[in-house]
1. For a quick check: sort T681, T206 by the number of other beta carbons within 10 angstrom, fewest at the front.
2. Along segment 43-49, what does the Karplus equation 6.51 cos²θ - 1.76 cosθ + 1.60 (θ = phi - 60°) give for ³J(HN,Hα), rounded to whole Hz, x for Gly and Pro?
3. Please work out the FRET efficiency for the pair T994 and N85, using the Cβ-Cβ distance as r and a Förster radius of 56 Å; give the result to the nearest 0.05.
4. Would you mind getting me the FRET efficiency between K92 and K910? Use the beta-carbon distance for r and R0 = 56 Å, nearest 0.05.
5. Looking only at Cα atoms, what is the convex hull volume of segment 500-651 per residue, in Å³?
6. Net charge around V654, counting only other residues with Cβ within less than 12 Å of its Cβ (Lys, Arg = +1; Asp, Glu = -1)?
7. Kindly work out what percent of the DSSP beta bridges joining two residues of the chain are antiparallel, to the nearest 5.
8. How far apart, in nanometres, would the label points at D188 and R385 be if each is projected 7 angstrom from Cα along the Cα-to-Cβ direction?
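Read-outs throughout are calculated quantities, based only on the coordinates presented, and are distinct from any laboratory measurement. Bear in mind the structure is a predicted one, so any value in this text is a computation, not a measurement. Cβ placement follows ideal geometry from the backbone for every residue including glycine, while neighbour counts extend to all protein chains displayed.
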Amino acid sequence: MKYFDNQFLFSETYLSRYIKENNKKSAAKDENLINLFTNIVDWNKEYTMGDYKDDPWEFYIDTVLDVLGFQHKDTKGNVRVLYTNPITNVEKPVAICYAIDKEEEVASIVKGKYYAYNAVKAAKENDVEWALLTNGYKWRIYNTENISPFEFYFEIDIESSIKENSVPNEAFQLFNLFFNISTYYTEDGQLKIEKIKHESDKIAETIEEFLRGKSEEILKDLCYGLKENMNKQVYSEEDRKNIYNDAIILLYRLLFFGYAESRGLLPIINDDPDYTDSFEKLCFDAKEVMNLGQLPSIKDGFEFWERLDSHLRVYVDNSYNGGLFHNQDKLILRDYRIANDHLVKCLAEISYNKDKNEKYTSKIHYKDLSVRNLGAIYEGLLEYRLFIAEERMVQRKNKNKISYIKASETILKTSDLKNIIEVGGIYLSQDAMERKETGAYYTPEDVVEYIVENTVGKRISELRQQLREKLKPYYEELTYEPTDQGKRTIQNTIDTTTLEFINEKILSLSIIDSAMGSGHFLVNAAYRVANEIVGILSDNDWKSLDEIPVDIKEWIRKVVENCIYGIDINDLSVALARLSLWLISASNDKALSFIDHHLKTGDSIIGSTKAEVKHVSDEKLIKMFDILPDAMLYHVIRKFNRIKEIGSSTKYDVEMQKAIYEQIEGELNLIKTKFDYYLSTKYAGGISDEDEYIKIMRFGSIEDFEKPEIEPLIKYARENKFFHWELEFPQVFSNGGFDIAIGNPPYVDVSVEKYKHSVITNVDTTNLFSYMIDNNLKFVKEDFKLGYIVPLSLVCSKRMTSLRNYILKKRYSNVNFLNIDSSTHPGTLFNNLILRLTILTVSNNKQTDSSSIIRTTDYIKFFARDRKYIFKTIKYTDIENNIMVENIIPKVSYDIEKTILHKILTKTKKNMSDFMSENNSDNYFFYRTLGMTYYGYAFNEPPLFKVNGVQQVSSTLKTICLNKDISKYAAICVFYSSLFYWFWTVYSDCYNFTKKDFSRLNIDLEELYKFSDEFESIYKEIEQSLYQNGEKVLYKKAKGDTEYMLFRPRYSKKVFDKVDFILGSYYGLTTDEINYLINYDIKFRVDDGD
């Protein structure tokens, strides 16, 4: 007997390793463990059959907590707040324990007795991450930071463990690990259990990285198998596309089987004679074939395909819907199959690790992987296409690029031999000759959670407040109702009203990610809404007359079906997002949810609106009724409501939903085609024949568009995946648009041409991320929430000026800019990616608030060790127009910074540009252009930079010429000041350094002339200090030996500070303000390098 149950809180691999290591140490000889075991056994006997058997059961639980070493105090009811040290006013708790009676079930999910919710809620109220739940027999641990905190737990059946074993068994060893006080002591600023959780999570990430490394080869093998079964002489581009798409779908199926089977989600009936194979058994047999060298003898057979496709797929499809497991709409999987030669290896690879002897041994625990991990594994493959070598090729890697070169056009090297692609061989790339890094990267979990919290979370909080106001009279009535029957009547009214509110207000929310990728944001949003619903219901802590579900699994399914929407230009991304949402909402007794009408393929930026088409139609005297009849739209909305009413409990339900949706698509097809035609005419140069245009827009059937002169326009629309939001989601726009828009859009520079005729207002910003913000702001309701993580350029670049103006002029209730340095100096949000980022969150609630608040943060930097605390320590500040220079959003967090800015900006109307000269060659200095990584550099003479022994001026140095009567030493010294470093950080892009950045500073160099001697003296001291603390570096380059000075300015900081004291006096700064500037970013500027 196992005695413990890990429901996804910790890694199975971690637990196995811990037990294995403990067994090596011989737990039987661990005196502390044996003493703990003996104590708990003795106290258990005392309270179950000894002197204390009649005492309250909670006394036994308290005694066990004492034995475990905790200090604890009761708060109210069932809650014990746990401490590691004697309880004082300053001592912080480490966890809570929620104790229930021995007759109660810790696993209860009945309203009024949902103890998991109560425990997690108590932990949050006491500001701790860990919650223990116990009835004395079974002990559970929950983590409040989990995406599904009530659903994920670790449980020990301690009663059975101590009664059925005479010595500590594996379960008791784990009990000692997770419930002993020693695990809750603080080490290096965090609890030991947090380190355990981190180590456990890292194992999942390791598995993710391992599978990601395998995924391309597995996918290629699947492609090879399908290609060989097709056995064609020539494969068209359409063939290659279909092979690749269906191979990806097959890979999704394998992924789904592995994940869902490990979590008991497959619709399997026990002892069903039709179910003869599990995915685990199939992969085990594949592993055995590979290890025993049996593949050559069966390579041409299809036994494994029959077991996978004809049996397992069909069996699951009988209960689930046909979206993922149906073959009829998949052109390759419908007609072809994969022989053992390729499939057996894929099954072994996807489920096992190899040992040093190249044997498949240790199993990959899919139970350790989250949906987030699975998305990260495959998202990078979605931008590739399949290519088949028509002649011998060689693959070569160079930094972030892979080239595919014809062997006939190069001289092969020894290192090329393992990278040869023979004729007919397969390779994956965006282009036949070159493959770059995909640019697809998975948004870190804490970033997603922050955005979801500040959009979805805040919207739900507002709705909860509305519900509280609605229920307030009933709660008041409940406090003075004298009879139990009367109280039950009021409670029933509260429950009924609450359920109605959830169905009408919360499950009607619409949440969109218009570049959804694998659906990461949508998954987290679904969890957040479902968790909140469970909280709303469970806060009414009484047993209901009617059974009201509080199980998170039931609610997350409803949320996925009702609230979640997504768009992506890539069909395979849509399929992956659908898979992700299925995985979090799947139940082994229900069909997979029908969500085809919520997740769509298309270019979400290129499309038209009804208002735009109506405007043009009015000019052409076409009635909008001729294009989009109101009556038809009314019937379409009714059909969407019918889909919602049917639900998706059974496969029959889902088939009904699908049939209705096909009717809707058929009815809307003509209207979409008219919109396509309208927009295509704009790209084709405009309407050339008005009479013909009017005639076409009045067409009554889709067949009318099949004319030679019209077909090219419709083809253009299809190829560019035009997406007309109001026609794709009419059920949403009948309610005014989307409630919430979230995501991480692509950061890609584009040309205006492709997008100039869409509905984008700020087309001059020429980046996909800005276009998506622009677009989303048009398709949300008047009261909405929006959250995007985008490049820092949004707040500071000239190119984004029009978008900033657009956002600010709208006077939304709240606009927040969270600015983060993720450029590895010193820490980064995204692994292996150098980015400077802003998280934009916008909220509008004009019904209750007519004001507009703009808030921003400073430019947040962090060490890797502090990565997990970033979003817990954010400090926003309101900003006003008087500190917005050139429409740039200043990066500040504190009032003292705003005061300093005000003093600088009002000191003088002059700035550096007033003293610059383009013609004077006598009064100049040099400055470094590569940005200011904590320090700026300026020089009277170029520093050492020799190539082949000859002094040169580095390409990173530029000159600034000043008017003759201006002290260049004052200007040079400004570069080294903390004041200027801070000012540059506040208004620049925090990477490049230009004359514009320098000239932006309000300063009167003529007024500073009186300090000329001091500045010259300080500069000489700076120069001397830089050279004393720096070193000469010599290295060889293609152009010859290069020698230069490597400066270490952190050792010269105290000299630089002298400049700040002069400038502080000039600007009228207080001592506190000067000290703030001198110590700005000090731990990064001084403690950890340049």
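1. T206, T681
2. Here the 3J(HN,Hα) series is 5, 4, 5, 4, 8, 9, 9 Hz.
3. After rounding, the FRET efficiency stands at 0.55.
4. Calculated value: 0.60.
5. Taking the convex hull of the Cα positions in segment 500-651, it is 141 Å³ per residue.
6. Charge balance in the 12 Å sphere: -2.
7. Beta bridges within the chain, antiparallel portion: roughly 75 percent.
8. Computed distance between label sites D188 and R385 equals 4.8 nm.
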